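*Asks:* Questions regarding the structure given below will be posed in turn.
Read-outs: derived from the displayed coordinates by stated rules, not from any lab. Predicted, not measured: the structure shown is a model, and the values here were computed from it. So basically every Cβ, Gly included, is an ideal-geometry build from the backbone, and we count neighbours across all protein chains shown.
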Amino acid sequence: MSLDVHELRFAYAAQPVLRGVSFRVEPGALSALLGPNGSGKSTLLKHLAGFLPPRQGRVRVLGRDLAGLSLRERARLIGFLPQSHVPVFPFRVAEVVLTGRAAGITFLPGRKDREKAAEALARVGIAHLADRPYSELSGGERQLVLIARVLAQEPRVFLLDEPLAHLDIANQVRVVRLLKELAAAGLTVLIVMHDPNLALLFADGIVVLKEGRVLRFGPHGEMADRRLYEEAYGVALAAVPFGDRFLLVPDAAPPAEPPGLRAFR
């Protein structure tokens with residue numbers, strides 16, 4: 001197994017956040033992590049990247065115990081995209097992406113490092129931003145830069161916290177296609193998604209989290225269950241067929257029209 005999580009537990013002070021989380025993510029598939037706000041998705045991803053120590057449990061990456069890996073080893077294996085990033089200095093975009101090569105640089109970045117950074121910018125479709133100050137970009141443009149930075153790192157496991165946030169629909173499609181290409185190449189890709197419909201449309205595997213526990217995980221075909229998402233999000237839903245998949249919409253009657261409203265039309 002490329003990413004194997006067993007009985008992971010964690011708490012902030014006395015507040016439990018992860019309550020015995022166990023699941024597996026296979027290489028060669030785009031996997032989505034879903035769950036309502038506050039269910040522990042971002043905290044879980046930080047554990048998988050090695051930024052938070054679990055109170056109990058184990059994470060294995062490519063058959064190795066994550067706790068036994070050095071910082072450099074983790075950086076070579078795992079690429080992590082945080083949910084948000086606030087720029088401090090006005091570095092050029094190319095320089096920000098180049099920092100993704102840090103794990104393999106001994107002294108100064110070389111020609112190969114700069115070529116990999118340029119390739120990542122082009123692959124994400126933002127080569128034209130290379131000389132722009134990162135701090136002057138829009139939220140969506142910054143998100144694309146950070147995705148390029150992880151790509152330049154060339155990890156074997158991609159952990160991305162809401163990589164589609166702030167992106168317009170065209171860039172969402174571009175990023176999803178890129179991530180599916182990476183998965184198809186045999187890499188492990190796990191992304192947090194805010195919208196379950198995007199996961200139901202594009203993901204090959206899904207993990208559903210609620211209140212720090214895994215409700216269910218598995219390949220898409222086993223996760224196409226409307227009742228599962230009603231339980232996760234606590235709302236009545238209707239399933240709308242879309243090709244060989246389905247989308248979820250709120251199952252609620254439209255509100256009644258207030259009396260007298262027609263008079264103002």
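*Asks:* Straight-line reach from residue 41: which aspartates and glutamates have a Cα under 19 Å away, not including same-chain ones fewer than 8 places off?
*Replies:* The qualifying aspartates and glutamates are 4, 7, 26, 161, 162, 195, 204, 211, 230, 231.
*Asks:* I've got another one for you. For region 3-235, what is the charge dipole size about the Cα centre, in debye to the nearest 20, if Lys and Arg each add +1 at the Cβ and Asp and Glu each add -1 at the Cβ?
*Replies:* Taking the Cα centre of region 3-235 as origin, the dipole is about 600 debye.
*Asks:* While we're on this one: Mind jotting down the distance between the C-alpha centroids of region 1-70 and region 160-226, whole Å?
*Replies:* 16
*Asks:* Show the residues, 5+ positions off or on another chain, whose built amide H is closer than 5 Å to the amide H of residue 216.
*Replies:* Amide H neighbours of residue 216: 208.
*Asks:* Out of the DSSP beta bridges found with both residues in the chain, what percent are antiparallel (nearest 5)?
*Replies:* 60
*Asks:* Taking H as built 1.01 Å from N, whose amide H comes closer than 5 Å to the amide H of residue 81, not counting residues under 5 places away?
*Replies:* Here 159, 160, 161 satisfy the definition.
*Asks:* Check the straight Cα-Cα distances from residue 46 and name the lysines below 19 Å, setting aside those fewer than 8 residues away within the same chain.
*Replies:* 210
*Asks:* How would the chain be classified by its alpha-carbon gyration tensor: rounded, prolate or oblate, with rounded meaning a/c under 1.5 and the a/b versus b/c comparison settling the rest?
*Replies:* Because a/c hits 1.5 or more and a/b fails to exceed b/c, the chain counts as oblate.
*Asks:* Work from the charge dipole of the chain (Cβ charges, +1 for Lys and Arg, -1 for Asp and Glu, about the Cα centre) and give the residue of 201, 51, 86 farthest towards its positive end.
*Replies:* So the residue we want is 51.
*Asks:* Within 14 Å, Cβ to Cβ, of residue 232, how many net charges do the neighbouring residues add up to if Lys/Arg are +1 and Asp/Glu are -1?
*Replies:* Taking every Cβ under 14 Å from that of residue 232, the sum is +1.
*Asks:* Return the sequence-ordered ³J(HN,Hα) values of region 18-29 in whole Hz as given by the Karplus equation 6.51 cos²θ - 1.76 cosθ + 1.60 applied to θ = phi - 60°, using x for Gly and Pro.
*Replies:* The phi angles translate into 10, 10, x, 6, 9, 6, 10, 10, 8, x, x, 9 Hz.
*Asks:* At 222 nm, what helix-only mean residue ellipticity would the chain give, in deg cm²/dmol to the nearest 500, using -39500 (n - 2.57) for each DSSP H run of four or more?
*Replies:* After summing the helix terms and dividing by residue count, I get -9500 deg cm²/dmol.
*Asks:* Convert each backbone phi in region 221-234 into a coupling constant with the Karplus relation 6.51 cos²θ - 1.76 cosθ + 1.60 (shift: θ = phi - 60°), then list the ³J(HN,Hα) values in order as whole Hz, x for Gly and Pro.
*Replies:* Per-residue couplings from phi come out as x, 8, 9, 7, 9, 4, 5, 4, 6, 5, 5, 5, 9, x Hz.
*Asks:* Next question, about the same structure. For residue 112, give me every one of the aspartates and glutamates with a C-alpha distance below 16 angstrom, ignoring sequence neighbours fewer than eight places off in its own chain.
*Replies:* Result set, ordered by chain and number: 95, 154.
*Asks:* What is the sum of charges around residue 102, taking Lys and Arg as +1, Asp and Glu as -1, for the other residues whose C-beta is under 11 Å from the C-beta of residue 102?
*Replies:* +3
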